[in-house]
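Take a look at the structure set out below.
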Amino acid sequence: MSDGLKSLVGLARSLVIYRRPGRQRSLRSFYKAFVQPGDLVFDVGAHLGDRTSAFAALGATVVALEPQPNLFGWLKRLTSSDDQVTCLDQAVGSEPGSVEMVTSLANPTVASLSKEWTSRVSRGQAGFEGIQWDRRVSVDVTTLDCLIDRYGEPAFCKIDVEGFEPEVLKGLSRSLPALSVEFLNGALDQAIACVDRLEALAKYRYQVVEGERRTFFLPEWLGADEVRQWLADGAAGLASGDLYARRDDDR
């Protein structure tokens, strides 16, 4: 298969998964607990902007960041009707600069700035069998602190950056009201590192969403020690999901 065809297949796969009919309604229903009209939201790792569009539909101003050149144009196109959306072709990390990103033409959802992460998940992580990271590109990097200085403090920040989540949080020096970070079962120590970083900034309560579901997995919000133990014990066998953090004073 040619590179051009791989790229088209990868884009089509993402469009089917993230832009299928009915998905926006379920996203808006879920995120309305975190996002109110007039809020500012950061979408870090926006991909094709499915969540960006949901945040905007809830009345938020959204800063959406997607460093993959072949996806950034689609992100802008798919969110062009939302005047309150700003799209940036940047990654987010611990400090400003540039870094090499590894990408997969056939699977653009798994592009990563972490070589360690790609190495780990390629060894037995469910869903990553046969993934080939076949392209490398240098991308500009900003930080959450820089974004806050420029745009203001977000009410919610979604972070989905394929193993680079701890580095993103290293670039944040103040607590935020609420945020989410992706986790994979093959790299749960990274999720624990995210909890450690957040707890250095403030006290949070935590919940989990399995995969692409739209309901919370745990029966109740957990404290830091409880969620660390839950992760250390194997995250109930979940292959992947998102860890949601809500600052204690915003419960």
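The values are calculated or read from the model by the stated rules, or taken from the named source; none is laboratory data. If you're wondering where the values come from, they're calculated on a predicted model, not measured in any experiment. Don't worry about glycine lacking a Cβ; one is built from the backbone with ideal geometry, like all the others, and counts go over all protein chains shown.
Going through E210, E165, E153 one at a time, which residue ends up being touching a residue at least 60 places away in the same chain (Cβ under 8 Å) and acidic (D, E)?
Within the list E210, E165, E153, the selection yields E153.
Which ones in the range 13-60 are closer than 22 Å to W74 by Cα and of a type in the set (K, R)?
Answer for the range 13-60, where residues must be closer than 22 Å to W74 by Cα and of a type in the set (K, R): R13, R19, R20, R23, R25, R28, R51.
One residue is enough: does the range 210-222 have a residue meeting the conditions in contact with a helix residue (DSSP H, G or I) (Cβ under 9 Å, 6 or more places away or on another chain), over 26 Å from T103 (Cβ atoms), of a type in the set (V, I, T) and crowded, with 20+ Cβ neighbours inside 10 Å?
For the range 210-222, residues in contact with a helix residue (DSSP H, G or I) (Cβ under 9 Å, 6 or more places away or on another chain), over 26 Å from T103 (Cβ atoms), of a type in the set (V, I, T) and crowded, with 20+ Cβ neighbours inside 10 Å: absent.
Here is a check on your reading of the model: is L176 in contact (Cβ under 8 Å) with a residue 40 or more places away in the chain, in a loop (DSSP other than H, G, I, E, B), out of contact with any Ser or Thr (no Cβ under 6 Å at 6 or more places or on another chain) and under 26 Å from Q24 (Cα atoms)?
Yes: the conditions hold for L176.
Just checking, how many residues over the range 34-45 are in a loop (DSSP other than H, G, I, E, B) and crowded, with 22+ Cβ neighbours inside 10 Å?
Here the count works out to 3.
If you scan the range 60-102, which residues turn out to be touching a strand residue (DSSP E or B) at 6+ places or on another chain (Cβ under 7 Å), among the small types (G, A, S) and more than 15 Å from H47 (Cβ to Cβ)?
A60, G93, G97, S98
Out of the range 180-197, which residues are in a helix (DSSP H, G or I) and β-branched (V, I, T)?
I192, V195
Quick check, is A239 within 18 Å of the chain's Cα centre (by Cα) and touching a residue at least 12 places away in the same chain (Cβ under 8 Å)?
Yes.
Every residue in the range 194-209 that is among the aliphatic types (A, V, I, L, M) and surrounded by 17 or more Cβ atoms within 10 Å (Cβ to Cβ), please.
Hits for the range 194-209 are V195, L198, V208, V209.
Scan the range 179-193 residue by residue and report those that are within 27 Å of Y18 (Cβ to Cβ) and either of a type in the set (D, E) or surrounded by fewer than 16 Cβ atoms within 10 Å (Cβ to Cβ) (or both).
Selection gives E182 alone.
Among the residues in the range 32-49, are any on the phi < 0 side of the Ramachandran plot, modelled with pLDDT under 95 and among the basic types (K, R)?
No, because not a single residue in the range 32-49 is on the phi < 0 side of the Ramachandran plot, modelled with pLDDT under 95 and among the basic types (K, R).
Of these, G171, G163, G152, G186, which one is under 18 Å from the mean Cα position of the chain (by Cα) and at positive phi?
Within the list G171, G163, G152, G186, the selection yields G163.
May I ask you to list pairs of residues, at least six apart or on different chains, whose Cβ atoms are under 8 Å apart, with the first in the range 67-78 being more than 18 Å from D160 (Cα to Cα) and the second being aliphatic (A, V, I, L, M) and not in a loop (DSSP other than H, G, I, E, B)?
Taking only residues 6 or more apart or on different chains, not a single pair turns up.
I'm told A200 meets every condition in (1) closer than 18 Å to L238 by Cβ; (2) free of Cβ contacts under 8 Å to residues at least 24 places away in the same chain; (3) assigned to a helix (DSSP H, G or I); (4) not basic (K, R) except one. Can you identify the failing condition by its number?
(1)
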